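Since every read-out is calculated from the coordinates, none of them should be taken as a lab result. This is a predicted model, so every value here is computed, not measured. Using ideal geometry, Cβ is built from the backbone for each residue, glycine included, and neighbour counts are taken over all protein chains shown.
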Amino acid sequence: SGESGAGKTESTKLLLQHIMNLCKGNLQLEQQILQVNPLLEAFGNAQTVMNDNSSRFGKYIQLRFHKNTVRGAKLSEYLLEKSRVVQQDTGERNFHIFYYMFAGLSTVEKEMYGLLDPSLYRYISGRFGTQDVVQHWKHKYQEVCNALDMVGFQEQEQVDMQAILAGVLSLGNVTFEPEERDGSVKVSEASRGWLKAAAVKVNTLSLLVCCLLCFPWSPSVSCCCSPCADARDSIAKVAYSRVFGWIVCKINELLAENVDPEVELREIGILDIFGFENFAVNRFEQLCINLANEQLQHFFNHHIFQMEQSSYKEEELPWETITFNNNEPVLNLLLAKPLGLLSLLDEQSAFPQATDKTLVDKLNSSFKGNLHFEPGRGHVLGFSIIHYAGKVQYMAGGFLEKNRDTLPANIRGLFINSITPLLNELRLTLVVVKCGDEALLWLAELLILLCPHQHSLMVLMERMYSANPHFVRCIKPNSQKEPGVVDSQVVLLQLRYNGLLETIRIRRDGYSWRPSFEEFSER
C-alpha cells in the first residue's frame, strides 16, 4: 500500500520475480506469470498528474504452490476506472494501450484498423508525445505483443481485440445535432465517417441509430444531444471494460494449476491496489479509490495495533497501551447502513428525478456536524471528507450517473449481429422491450455474460482477513515525480498518516518475532 506513485506496482513486480527465482520449477509457467504484469499495465494503467504509470484498477495475484514449486496462478481485478476511456483531465492520458497501438502498429496495420492521426481522436487527450516517448511506446507495444503470445492469446484474438479498441476511438468522435424538422436528434453530418468506422470495428451502427429515435425533443432544448452523447460514451466504456475482463479471464484459464483436486496447495497472494489520491479535481472514481485505501488502512490498524496489543494483554505481559489514529469513524460515514454516504448515494440513484444537487443536499443534511464531513463552500456542487490521509474535496457532478453505471434507458435497442468473433465471445446482446404504445418508450438492456466469479471490495477484504498478512508500505519520496530526490516533509507526512511512527514504537517495545515453542526449543 501507499499513495499514488509510491512504487506499489514496481514493488509487486520485484516481489514476483523474487518468489519465482526462489522456486525453480516449471519455467514456462513462471515466465507466463511474470509476463502478466506488463500486459495488465498496458490495458489497466495510465498517466496521471501524480504518476506516469498509475494503476487504474486493483489486482490480487494468487500464486499456488505444491512442494515449494509454483503450480498455477489466479488473478482477480477490482474497480477498473472505465470513465478514463472517455474523459481525462489536464495533464492525464487514456490507458497506455491506445498510445502503444499508435506507436507500434505499421502503416498497413493502421489502415486495416482504420486508425488515423492520434490528434484527431476526442478520447486521446493532449499532445501525442515527443519522438523519444513514441519510441518508448513502440518498444512497449512489442512487449505487449510478446506477452500476449507467451500467455497464449491466438493471433485472431489479438486482431479482434485491437479492432475493438480502434472502434472505441472512432466511436468517441461521433457527435449529434438536432433534426430541424421535428426536434429529434441525429448523427451530425460531419461525424458520419466516424460512425461508419466505429460500426465496421465494433458494429455499433445499430446501437447509435437508436439515438436518432429518442423522444421528440423541443428544438429549444439546448441539451437535447446530451442523452445520445452519454449513450455513446457508455457503449465505449462497456466495450473497453469487457475486453479488459476478458483478458483477465483468459489469463486465468492459461495459468490455472493442472493438479489432482485432492492435492493440497499452499498460496501466496499479492495485492497491488490503486493508491490514495487527492487531485485538483476529485470525482466519483477518487472516492472509490480512497474508500478502498481507508479499508486497507483499517485492516492494517486491526492487525498491527488491535490484535497485537490484545495478545499482550491476554498473556498478561507488562504493557503500556499505544494509541493510534483509528479511521473507523470515516468508514462508518462512508459505509454505514442505511445512512452512510454510499447508502444515500444508492438511494438517490434509485430516484429517476434525483440530481447531483439533490444528492449533495441530502448529504449535507444527513452529515451536519459530522467531524469527517464538510459541505462544499459557496456555489461549489461538492463536499469534503477528512480521510485518514487528509482532507479531499469531491466534485459531485456525475456521481449519480457513474453509480448507476448503466446504458441510458432512452436508447432504442437493436440486436448486435457482430462480425467480430471476439464480440460474439463476450456476448454483448441487446434486448428490445416495448413498454407501451402511447409512450413509445423503448428500453435497451445490455446483458453481458462475464466470467462466473464477480469480485468486489467486500470479497477482497474477507479474503484479506482470512489470511496471514505481511504489509509492504511504499513511501513516495517527493511530489514532483523526480528520481533521487527525498523531500523529508513529504515523507514525514506519509509516516504519520500511515501510522508508521506508532508501528515502529510497537515493534521496538513489543515482541516483533515470535517463534513457536517447537522452533524455540530446537534452536
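Assorted remarks:
- By the rule of a C-alpha distance below 15 Å, with chain neighbours fewer than 8 residues away ignored, the aspartates and glutamates paired with residue 13 are 30, 41, 272.
- Diffusion coefficient (Stokes-Einstein, Kirkwood radius over C-alpha pairs, 20 °C, 1.002 mPa s) for segment 266-370: 128 µm²/s, rounded to a whole number.
- Among 473-484, 161-172, 134-145, the peptide with the highest mean count of other Cβ atoms within 10 Å heads the list, and the full ranking is 161-172, 134-145, 473-484.
- Spatial separation of Cα centroids for segment 99-113 and segment 13-83, in angstrom: 27
- Efficiency of FRET between residue 303 and residue 368 - r from beta-carbon atoms, R0 30 angstrom, step 0.05: 0.30
- Straightening the chain between residue 190 and residue 107 buys 27.4 nm, computed as 0.36 nm per residue apart minus the Cα-Cα spacing.
- Applying the criteria of a DSSP loop state and at most 14 other Cβ atoms within 10 Å to the trypsin sites (Lys or Arg not before Pro) of segment 37-74 yields 67.
- Long pairs among 59/402; 138/481; 357/481; 110/138, criterion Cα-Cα beyond 25 Å: 357/481
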